Amino acid sequence: MQRYLIRRLLSLLGTLMGVTILIFLLVHLIPGDPVQYLLGEHPTDEAIAALNAQLGLDRPWYVQYASFVGKLLQGDLGTSYITGYTVWQEIVERFPITFQLALYSVILATVIGIVVGVISAVKQNTWVDRLVVFFSLIGISAPGFWIALFLIWIFAYKLPIFPISGYDGFFSLILPSITLAMGEAGLIARMTRSSMLDVIKQDYMRTAQAKGAPHLWMILRHGLQNAVIPVITLIGLEFGALLAGAIVTETVFSLQGLGSLAIESIGKRDLPTIQGLVFFVAFLFAITNLIVDLLYSWFDPRIKYE
């Protein structure tokens, strides 16, 4: 396990180095000039040259890249052109909302998806199975903004139970969490159903049944535990993606998370914030994948990290 972990961490460092190159190249390909945005309309050539020199944008691209990586190695994600705050300050302020939203959504989607997926597999080719498949497809296919507006119409206008926009504690995240969970639950349910159908056909399941094992115990202990590995992978990927910020959902519900920060930064050509934010999200995604890989052996002791 230790050797595996060391190898994965070294691989993670290589991945993050590749990410820095992609981030730097893609960010500098974004149309628009941050200096032009900062100076407004009709700036003088002298003002443009002075601000370019102040921000270091007049230096060769490889010098700018080396400066970016050097700051990263010191734990410095840069300083916003617009607010003057460090990118760390911006992230620390916004990340708690995104993290809570991602966590609540994944928990809700996991519980619903696994329960529904197991029931669908056990009731294969019945009306229950067809109903689950139908609603799973709706959850996967329905656009997030449509689900969000539908929930707002029901639970904020018709039944004024939850707040419509902004963040004011747990209740502000209920509708956004349900919005995100509906699509994720559909994916998890489909994956759980497919994996359970493969497991149910295995010889050890028939042996357990022949020995008189209780049906529910057989499904949960022998079936779900062996079917859950691909589901864990999907859940990890979904959680990692949500940590990047659910841009559409955060925008509809006016939540000041990482997704809205990314949109604002791109709109204002705030290059340091974009670079730092994307690197932070990539790091979180890589760590999430590593944790998911380590969880495999806990759910399935047959898996050895050698």
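The values are calculated or read from the model by the stated rules, or taken from the named source; none is laboratory data. All of these numbers come straight from a predicted model, not from anything done at the bench. Every residue, glycine among them, receives a Cβ derived from its backbone with ideal geometry; neighbour counts consider all protein chains shown. The area values use the complete protein model at the heavy-atom level, side chains included, leaving out ligands, DNA and RNA. Shrake-Rupley method; radii C 1.70, N 1.55, O 1.52, S 1.80 Å.
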Quiz prompt | Choice from Asn52, Asn289, Asn226 with maximal GNM fluctuation in the chain (Cα, 10 Å cutoff) | solution = Asn52
Exercise. Express the C-alpha Rg of segment 34-160 as a ratio against the empirical globular expectation 2.2 N^0.38 Å, rounded to two decimals.
Key: 1.81
Practice problem: Mind telling me which of Ser105, Ser194, Ser141 comes out most flexible in a GNM of the chain, alpha-carbon contacts under 10 Å? | Solution: Ser141
Quiz item: Mind checking the log10 I(q)/I(0) for segment 44-113 at q = 0.12, 0.14, 0.22, 0.27 Å⁻¹? Debye, one equal scatterer per Cα, no solvent, two decimals.
Solution: -0.55, -0.66, -1.00, -1.15
Quiz prompt | Theoretical FRET efficiency, 1/(1+(r/R0)^6), r = Cβ-Cβ of Tyr157 and Ile266, R0 22 Å, to 0.05 | solution = 0.10
Quiz item: What does the charge add up to near Arg94, with Lys and Arg as +1, Asp and Glu as -1, over the other residues with Cβ less than 12 Å from its Cβ?
Solution: -4
Quiz item: Taking only protein heavy atoms and a 1.4 Å probe, what accessible area per residue, in Å², does segment 81-156 have with all protein chains in place?
Solution: 55 Å²
Practice problem: Taking only Cα atoms and a 10 Å spring cutoff, compute GNM fluctuations for the chain and point out the largest among Gly14, Gly259, Gly186. | Solution: Gly14
Self-check item: Heavy-atom SASA rank of Lys201, Lys71 (probe 1.4 Å, accessible area, largest first)
Solution: Lys201, Lys71
Practice problem: Would you mind giving the average projected area, over all directions, of the Cα convex hull of segment 98-138 in nm² with one decimal? | Solution: 2.9 nm²
Quiz item: How large is the dipole of the chain about the Cα centre if only Lys and Arg carry +1 and Asp and Glu carry -1, each at its Cβ, rounded to the nearest 20 debye?
Solution: 1600 debye
Quiz prompt | Hull volume in cubic angstrom per residue (convex hull over the Cα atoms of segment 25-66) | solution = 72 Å³
Quiz item: With a ≥ b ≥ c the root eigenvalues of the C-alpha gyration tensor of segment 235-296, is it rounded (a/c under 1.5), prolate (a/b larger than b/c) or oblate?
Solution: oblate
Quiz item: Could you give the Stokes-Einstein D for the chain in µm² per second, using the C-alpha Kirkwood radius, 10 °C, 1.306 mPa s?
Solution: 71 µm²/s
Self-check item: Efficiency of FRET between Tyr37 and Phe171 - r from beta-carbon atoms, R0 45 angstrom, step 0.05
Solution: 0.75
Quiz item: Which order do Leu271, Leu29, Leu108 take when ranked by solvent-accessible area (1.4 Å probe, heavy atoms of all protein chains), largest first?
Solution: Leu29, Leu108, Leu271
Exercise. Provide the gained length on full extension for the span Thr44 to Phe283, in nm with one decimal, where the gain is 0.36 nm per separating residue minus the Cα-Cα distance.
Key: 82.0 nm
Quiz prompt | Modelled label reach - His28, point 7 Å along Cα→Cβ, segment 69-95 residues with backbone N closer than 13 Å | solution = 69
Quiz item: R0 = 30 Å: FRET efficiency of Phe135 with Tyr4, Cβ-based, nearest 0.05?
Solution: 0.15
Practice problem: Would you work out if segment 149-188 is rounded, prolate or oblate? Take a ≥ b ≥ c from the square roots of the eigenvalues of the alpha-carbon gyration tensor; rounded if a/c is under 1.5, else prolate when a/b is larger than b/c, oblate otherwise. | Solution: oblate
Practice problem: Quantify, in whole percent, the carbon and sulfur part of the accessible surface of the chain (1.4 Å probe; protein heavy atoms only). | Solution: 68 percent
Quiz prompt | Diffusion constant of segment 119-159 at 4 °C, which comes from Stokes-Einstein with the Kirkwood Cα-pair radius and 1.567 mPa s, µm²/s | solution = 110 µm²/s
